[in-house]
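Chemist: Mind having a look at this structure? Questions to follow.
The values are calculated or read from the model by the stated rules, or taken from the named source; none is laboratory data. These numbers were taken from a predicted model, which means no experiment stands behind them. Glycine also receives a Cβ, built like all others from the backbone with ideal geometry; neighbour counts cover every protein chain displayed. For accessibility, only protein heavy atoms count, side chains too; no ligands or nucleic acids. Shrake-Rupley method; radii C 1.70, N 1.55, O 1.52, S 1.80 Å.
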Amino acid sequence: MPADPAPRGGSPGTDLLPGASGGDSGAEAGPGRGTGTGAGTSFGSGIGGRGVRSWAAGVGRPGRRGLAVRGLRALGAAVVLAGSLAVAVRTGTADVGWGGLARAFGVRLGLAVEPLPPLLDSLVWDLRLPRVLMAALVGASLAVCGAVLQAVTRNALADPYLLGVSSGASAGAVTVVVLGVGAGALGVTGGALAGALLAFGALLLLLRRTGLDSVRIVLTGVVVGQLFTALTSLVLMASADADTTRAVTHWLLGSMAPARWDTVAVCALVTPLGLAAAWLCSNALDGLAFGSDTAASLGIGVRRTRLLLLVVTAALTAVAVATVGAIGFVGLIVPHGVRFLAGPRHRVLLPYAALAGAVFLVWTDALARIAFAPREVPVGVITALLGVPLFLLVLRRRGEL
């Protein structure tokens, strides 16, 4: 066994993009390259077993100065998020000044301020604020889910929709809207959530005998996603009229317009719990990033941990898609950008990914509202338009393009 050779790229797990060793067992192959399967990526290839154990045990932990710097960075990121939320609430076709915004919040806090006119107050409090908060919660969820799945599957192209949950949610929503199944009891959001859970259940059913290794997760997720996508298209083609098809297509592209306080409350309950569960598995994610064999040698219960993380990411994605539709690229580009700036260790990566995803989607939604005002563009279209060049920029900065 090699005696702690230095990791390629300066730190373990930084080689996130395809091109080196793949597969679950190739990560322990020492300086040589693993055989790979084509779906894996190299997370710290070239590190011997003892080196991985030393790194996982916490060698090189930051001192007090490093912790202070991280604290200041976290505070700065929180300030950026708060400022983004405030600016986004002001942004729209109807102008709301800083004074009006302060008055709207002051009345809710019981301060002795003059209230806004009822129409303007309702615009701020009942429409824009829930929408902006929903964008922040969904952006944080998708970014963290992307980071987690990229480590669990060792696939640099993994995103929150890898498990087929988004396609299941779409099928559930279309079933309610077009066929009227469960319309009175569930509604569109409930139907989408039921479809997402059904898709995830199908994924686990197909994986129950074959195991939870990264390649099977990716391939089975693609199969489940294609199945529910086909069912969605079949229902639309067979039963929907032109107006219904247009409305469903707009929802499938993702929009924050349906956000209300009740849906925000659901996301505000689920999202912090899911993010906390993922963060508590940070050390396990670091181990899984090196492959199943390496993670098992570090004492990580690979199958149990993967199942837990799949459940967490599926729940976060299901709630996000059920409330605002499928919004692409957030879970793909944000983790890569944050990993480039903050490093690969998930204890640091996940909180920063949550903040960056929240800020990114808040600003993207604001742009979707004003780009072609008074007509609103689905936010999924804007994320794709911005995501493609940003992802290419990340690839170029990493020397992969």
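Chemist: Checking residue 98 against (1) over 22 Å from residue 231 (Cα atoms); (2) open to solvent by less than 50 Å² (accessible area, probe 1.4 Å); (3) out of contact with any Gly (no Cβ under 6 Å at 6 or more places or on another chain), which single condition isn't satisfied?
Modeler: Evaluating residue 98 over (1) over 22 Å from residue 231 (Cα atoms); (2) open to solvent by less than 50 Å² (accessible area, probe 1.4 Å); (3) out of contact with any Gly (no Cβ under 6 Å at 6 or more places or on another chain) leaves (2) as the failure.
Chemist: Based on what the data block shows, is residue 192 within 21 Å of the chain's Cα centre (by Cα), open to solvent by less than 40 Å² (accessible area, probe 1.4 Å) and without any contact (Cβ under 8 Å) to a residue 60 or more places away in the chain?
Modeler: Taking the combined requirement at face value, the residue does not satisfy it.
Chemist: Name the residue that is surrounded by the most Cβ atoms within 10 Å (Cβ to Cβ), counting only residues in the range 76-94 that are more than 16 Å from residue 105 (Cα to Cα) and within 22 Å of the chain's Cα centre (by Cα).
Modeler: Among them, the one singled out is 84.
Chemist: It is to be established whether one or more residues within the range 152-160 are within 18 Å of the chain's Cα centre (by Cα), farther than 18 Å from residue 315 by Cβ and buried (at least 24 other Cβ atoms within 10 Å of the Cβ).
Modeler: Yes, the range 152-160 contains at least one residue that is within 18 Å of the chain's Cα centre (by Cα), farther than 18 Å from residue 315 by Cβ and buried (at least 24 other Cβ atoms within 10 Å of the Cβ).
Chemist: Would you call residue 50 open to solvent by 60 Å² or more (accessible area, probe 1.4 Å) and either at pLDDT below 75 or touching a His at 6+ places or on another chain (Cβ under 7 Å) (or both)?
Modeler: When the stated conditions are applied, residue 50 passes them.
Chemist: Right, another one. Please work out if residue 181 is over 30 Å from residue 215 (Cβ atoms), open to solvent by less than 30 Å² (accessible area, probe 1.4 Å) and either at pLDDT 80 or above or touching a helix residue (DSSP H, G or I) at 6+ places or on another chain (Cβ under 8 Å) (or both).
Modeler: no
For every residue, the table says whether it meets (1) touching a residue at least 60 places away in the same chain (Cβ under 8 Å); (2) under 19 Å from residue 148 (Cβ atoms); (3) open to solvent by 40 Å² or more (accessible area, probe 1.4 Å); (4) not aromatic (Phe, Trp, Tyr).
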residue	(1), (2), (3), (4)
340	no, yes, yes, no
354	yes, yes, no, yes
357	yes, yes, no, yes
360	yes, yes, no, no
377	no, no, no, yes
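Chemist: Now for a separate question. Against the condition more than 25 Å from residue 86 (Cβ to Cβ), buried (at least 19 other Cβ atoms within 10 Å of the Cβ) and in contact with a Gly (Cβ under 8 Å, 6 or more places away or on another chain), how does residue 315 come out, does it pass?
Modeler: Spelling it out, residue 315 is indeed more than 25 Å from residue 86 (Cβ to Cβ), buried (at least 19 other Cβ atoms within 10 Å of the Cβ) and in contact with a Gly (Cβ under 8 Å, 6 or more places away or on another chain).
Chemist: Right, next: Only one of 263, 229, 245 is of a type in the set (Ser, Thr, Tyr) and over 25 Å from residue 357 (Cβ atoms); which?
Modeler: 245
Chemist: Mind listing just one residue for me: the one in the range 103-119 that is among the small types (Gly, Ala, Ser) and closer than 17 Å to residue 129 by Cα and, of those, surrounded by the most Cβ atoms within 10 Å (Cβ to Cβ)?
Modeler: It comes out as 104.
Chemist: Identify all residues within the range 310-326 that are in a loop (DSSP other than H, G, I, E, B) and under 13 Å from residue 141 (Cα atoms); write none if there are none.
Modeler: The one that is in a loop (DSSP other than H, G, I, E, B) and under 13 Å from residue 141 (Cα atoms): 326.
Chemist: Name the residue, out of 141, 122, that is closer than 27 Å to residue 367 by Cβ, touching a residue at least 60 places away in the same chain (Cβ under 8 Å), among the hydroxyl-bearing types (Ser, Thr, Tyr) and in a helix (DSSP H, G or I).
Modeler: Exactly one residue qualifies, and that residue is 141.
Chemist: Another one. Among the residues of the range 327-335, is any in a loop (DSSP other than H, G, I, E, B), at negative phi and open to solvent by 20 Å² or more (accessible area, probe 1.4 Å)?
Modeler: Looking through the range 327-335, at least one residue is in a loop (DSSP other than H, G, I, E, B), at negative phi and open to solvent by 20 Å² or more (accessible area, probe 1.4 Å).
Chemist: Looking only at the range 218-269, filter to residues that are of a type in the set (Asp, Glu) and in a helix (DSSP H, G or I); which one of those is surrounded by the most Cβ atoms within 10 Å (Cβ to Cβ)?
Modeler: Checking each candidate, the answer is 262.
Chemist: Next question, about the same structure. Tell me which residues, restricted to the range 282-309, are part of a loop (DSSP other than H, G, I, E, B) and without any contact (Cβ under 8 Å) to a residue 40 or more places away in the chain.
Modeler: Scanning the range 282-309 gives 299, 300, 301.
Chemist: Do we have any residue at all in the range 172-186 that's under 18 Å from the mean Cα position of the chain (by Cα), assigned to a helix (DSSP H, G or I) and among the β-branched types (Val, Ile, Thr)?
Modeler: The answer is no, given that none of the residues of the range 172-186 is under 18 Å from the mean Cα position of the chain (by Cα), assigned to a helix (DSSP H, G or I) and among the β-branched types (Val, Ile, Thr).
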